[in-house]
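So the structure is just underneath, and the comments pick up after that.
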Amino acid sequence: MKDADRMSLSADDWDELHFPRPEENEFDRVVESAISRRGFLGGVLAFGSGASAMGAGLMGSTSALAAETSRFAFTPIPAQTDGTVHVPEGYDWKVLMRWGDPLFSDADGYDIANGGPVEKSDRIFGENTDGMETFSFKGHELIAINHEFPNNGINLPTAQEGVPANAGDVLKIQNIQGVTVMEVKEIEDEWSVVKDSPFNRRIHHNTPMKIVGPAAGHDLLKTKADPTGTASLGTMNNCGAGKTPWGTYLTCEENFNGYFGSSDETAVYDQPIVDGYARYGVKAKSWNGYELFDPRFDTSKNPNEPHRAGWIVEIDPTKPDSTPVKHTGLGRFKHENAEVTLAADGRVVVYMGDDERGEYLYKFVSNGTYQPGGETESLLNDGTLYAAKFDDDLSGEWLPLTPETTDMNAAEISIFTRLAASKVGATTMDRPEWVASSPVAVEAYCCLTNNKNRGIKPNAGGDDTSINGPNPRETNKYGQIVRWRPSNDDHAADTFDWDLYVMAGNPTVHTDAYAGSPNVNEGNLFNSPDGMVIDTTGLIWIQTDGNDNNAEDFAGNGNNQMLVGDPITGEIARFMTGPKGCEVTGLAWSTDLRTMFVGIQHPGSNWPDGGTPRSSIIAIKRTDNGLVG
Ligand code: FEO
Ligand code: CA
Ligand code: CA
Ligand code: CA
């Protein structure tokens, strides 16, 4: 060959041209099999061989087939890049509640425009909505909803770079996070919040909580203010949610580490604390400067306080005076959501993702069985935690985290769950976000949102993150959804079969595995699946929290959005698009299934009013008032 040819090609291209890789390697076979296995997709989708065949060449036939068999009751909408919400023809959306709207009439007129006053900041709807659930109680329709984090640039506009200037600033941003419980009602197709309802409640960073389960009372949970290690204050970074069969709300503490800092960078901690801080990312400086004005968040003064966060918290939305309960039996990590289902024999099964690069997917199985009207506290504590191991032959197993398998006692497994999972050799995942289980089939799904470190560097515990079966792409920028079917149709089973329901990608840009699976096409491009709920008919609603620059790798994706997937055909269609800059997260249905409530988090444009951007819940209905889920 001529030197000119050599110079005109990159080293990789030159290598590929002259030393081509085999058409199909062992890994390609795993991937192909994982996304096409007969029985999971009903044999409907046909795939070519090798990763390169997952691209544009096949999507036409996939779409054509899906169109003939579509179960969707709407015409999919195109991607959007503007500053508002779009839904299909025949549907309508309205804002139900915005950050800063009063829950109680004594907070009428609360003005967020210049950051808002600290007074009454615990009487308004909080900021940055996330997971939510609806509850029907004695004729009252209730919504419980998370407020994940504050936008300090808006809330603390006078403080330099959004850093609090005084204790009042800290208290204000503590108040606008956490959870809201509120009563809603519909009058002539229009939903509104019942101001001053006795069910309305704000739970924030200073609300008293009870700690129960295997870690309750452990030395690592004791502080000067609570020498019992059983009573903490507040719930923070509330991300996804869950609902128990007995009608309570589960709120999940995700990036709790970011709330703690130290006023003394030379502070010395005991080794277990040092190891825990390292694995969970507790650092000397917090995100919001709490430690500057609230000593509870200063680890040099309260080194155990971070151990009192990172849990799943149970709230009874029907009892406004009840004390929320932190269930240590469900483990401590960056909890995304809590998908609760029942095993064949009535034991309670909770699926949970730990949203950090290279962390794990978990499940909890109770020892006792759920009896309507019976005791429930032990059902979320007395049982076994498992971490998932996915094998390349499309089988998998749940590895129990027990004193025998981890050489840790029950309390240590509970407090340092990540360390326990590393010891048993679970599969490192591409940031497990929401898990959803189907009400019409014994199967579950987890959004693996993306992972720029896949194949590049290990997780915070040093665990290997080479590509593996359900996480098959290096520097994964698009994300995928893994699905598993428990053995014997029993969510308590120790083993399962798995496949990939979808690999997001962009077939207009790539022809290799980054094109995505064949059920991704020019008409439904999306990236970074995150929120996910399966409706009563078995359809999968997928919400995204991804790159919305709409260019290059993400060309054609548009703004973050909500899509719906058919579990049988694999068809995926775009149902809703959010305003520029937002994340779409949180989905719940009214009791009559004629309204879906959807959360719009951190809109980047001046949505919804043209002024300060305000995270909000919207209500989506069919214009003919038909069922929407
Ligand atoms: Fe708060 Fe992993 O999303
Ligand atoms: Ca999320
Ligand atoms: Ca996310
Ligand atoms: Ca978020």
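Using amide H atoms built 1.01 Å from N in the peptide plane, name the residues 5+ places from S528, or on other chains, whose amide H lies under 5 Å from its own.
So S528 has HN proximity to G479.
Apply the Karplus parameterisation 6.51 cos²θ - 1.76 cosθ + 1.60, with θ equal to phi minus 60°, to every residue of segment 278-289 and state each ³J(HN,Hα) to the nearest whole Hz, in sequence, with x for glycine and proline.
5, 6, 9, x, 7, 10, 6, 10, 8, 6, 10, x
Would you work out the relative contact order for the chain, in percent, from Cα pairs under 8 angstrom that are 6 or more residues apart? Don't jump to the answer; show the numbers that get you there.
Values: 1707 pairs, mean separation 96.5, N = 629.
This gives 15 percent for the chain.
Can you compute the helix-only [θ] at 222 nm over the chain? Use -39500 (n - 2.57) per DSSP H run of at least 4 residues, normalise by all residues, nearest 500 deg cm²/dmol.
Computed ellipticity for the chain at 222 nm equals -3500 deg cm²/dmol.
So if we plug the beta-carbon distance of D393 and A441 into 1/(1 + (r/R0)^6) with R0 = 25 Å, what FRET efficiency do we get, rounded to 0.05? Show your work: numbers first, answer last.
Working: r = 22 Å, r/R0 = 0.89.
So the FRET efficiency works out to roughly 0.65.
Could you tell me the center-to-center distance, by alpha carbons, between segment 401-416 and segment 468-531 in angstrom?
31 Å
Among N255, V349, T180, which residue has its Cα furthest toward the positive end of the charge dipole of segment 3-622, with +1 on Lys/Arg Cβ and -1 on Asp/Glu Cβ?
Of N255, V349, T180, it is T180.
Would you mind counting up the charge near Y249? Only other residues with Cβ under 10 Å from its Cβ, with Lys and Arg at +1 and Asp and Glu at -1.
On the way: positive: K243; negative: E133, E314, D316.
Around Y249, the surrounding residues sum to -2.
Applying a 10 Å radius around every beta-carbon, put 470-478, 364-372 in order of their mean neighbour count, most first.
470-478, 364-372
If you take the beta carbon distance between D108 and S487 as r and set R0 to 60 Å, what does 1/(1 + (r/R0)^6) give as a FRET efficiency, to the nearest 0.05?
That pair, D108 with S487, gives E of 0.60.
Can you give me the long-range amide H partners of R431? Hydrogens built in the peptide plane at 1.01 Å from N, cutoff under 5 Å, separation of 5 or more residues or another chain.
Those lying under 5 Å, H to H, from R431 are E356, G358, E359.
P(r) for the chain, please, calculated from all Cα pair distances in 10 Å bins and given in %.
The distribution over the chain is 3, 17, 28, 27, 17, 6, 1, 0, 0, given as percents.
Modelled label-to-label distance, A165 and A225, 7 Å Cα→beta-carbon offset: nm?
2.5 nm
On full extension of the chain, what length is gained from K283 through T75, given 0.36 nm per residue of separation minus the C-alpha to C-alpha distance?
Here the answer is 70.1 nm.
Hey, which of these cross-link pairs are over 26 Å Cα-Cα: K334/K621; K283/K326; K301/K452; K423/K452; K94/K195; K210/K389?
Among K334/K621; K283/K326; K301/K452; K423/K452; K94/K195; K210/K389, the Cα-Cα distance tops 26 Å for K334/K621; K301/K452; K210/K389.
Let me check I've understood the local charge: for L399, count other residues with C-beta under 15 angstrom from its C-beta, Lys and Arg +1, Asp and Glu -1. What total comes out?
Within the 15 Å Cβ shell, the charges total -4.
What distance in nm lies between label points placed 7 Å from Cα along the C-beta direction at V274 and D512?
Computed distance between label sites V274 and D512 equals 4.2 nm.
Once phi is turned into θ = phi - 60°, what whole-Hz ³J(HN,Hα) does the Karplus curve with 6.51, -1.76 and 1.60 give for every residue of segment 459-473, x standing for Gly and Pro?
Computed from phi, the couplings for segment 459-473 are 6, 5, x, x, 6, 4, 10, 4, 4, 9, x, x, 10, x, 10 Hz.
Compute the Cα gyration tensor for segment 150-191, then decide on rounded, prolate or oblate, letting a ≥ b ≥ c be the square roots of its eigenvalues: rounded whenever a/c is under 1.5, prolate when a/b is larger than b/c in the other cases, and oblate in all that remain.
Since a/c reaches 1.5 and a/b is larger than b/c, the shape of segment 150-191 is classed as prolate.
With θ set to phi - 60° and the Karplus curve 6.51 cos²θ - 1.76 cosθ + 1.60, what are the ³J(HN,Hα) couplings of segment 364-374 in order, to the nearest whole Hz, using x for Gly and Pro?
10, 10, 6, 7, x, 10, 6, 10, x, x, x
Could you order peptides 130-140, 145-155 by the average number of other Cβ atoms within 10 Å of their residues, highest first?
145-155, 130-140
Mind checking the dipole of the chain: about its Cα centre, +1 per Lys or Arg Cβ, -1 per Asp or Glu Cβ, Debye to the nearest 20?
Dipole of the chain, to the nearest 20 debye: 900 debye.
How many angstrom lie between the C-alpha centres of segment 568-599 and segment 326-393?
25 Å
Projected onto the charge dipole of the chain (+1 at Lys/Arg Cβ, -1 at Asp/Glu Cβ, origin at the Cα centre), which of A216, L394, I124 gives the Cα projection farthest towards the positive end?
In the chain, that residue is I124.
How charged is the neighbourhood of N625? Take every other residue with its Cβ under 11 Å from the Cβ of N625, and add Lys/Arg as +1 and Asp/Glu as -1.
For residues surrounding N625, the net value is -3.
Full extension from S192 to E404: what is 0.36 nm times the residue separation minus their Cα-Cα distance, to one decimal in nm?
71.0 nm
Per-residue counts of other Cβ atoms within 10 Å, averaged by peptide: what ranking do you get for 581-590, 105-114, highest first?
On the way: 581-590: 24.0, 105-114: 13.2.
Ranked from most to least packed, the peptides come out as 581-590, 105-114.
Once the Cα atoms of segment 92-249 are picked out, what are the Rg and Dmax in Å?
17.1, 55
Residues in segment 602-624 near a label at K94, defined as backbone nitrogen under 20 Å from the 7 Å Cα→Cβ point?
From segment 602-624, the list is 607-610, 614-624.
Quick note: the coordinates plus some simple rules give every number you see, no bench work behind them. Bear in mind that the values here come from a model prediction, so they are computed numbers and not experimental data. When we count neighbours, we look across all protein chains shown, and the Cβ atoms used for this are built from the backbone with ideal geometry, even at glycine.
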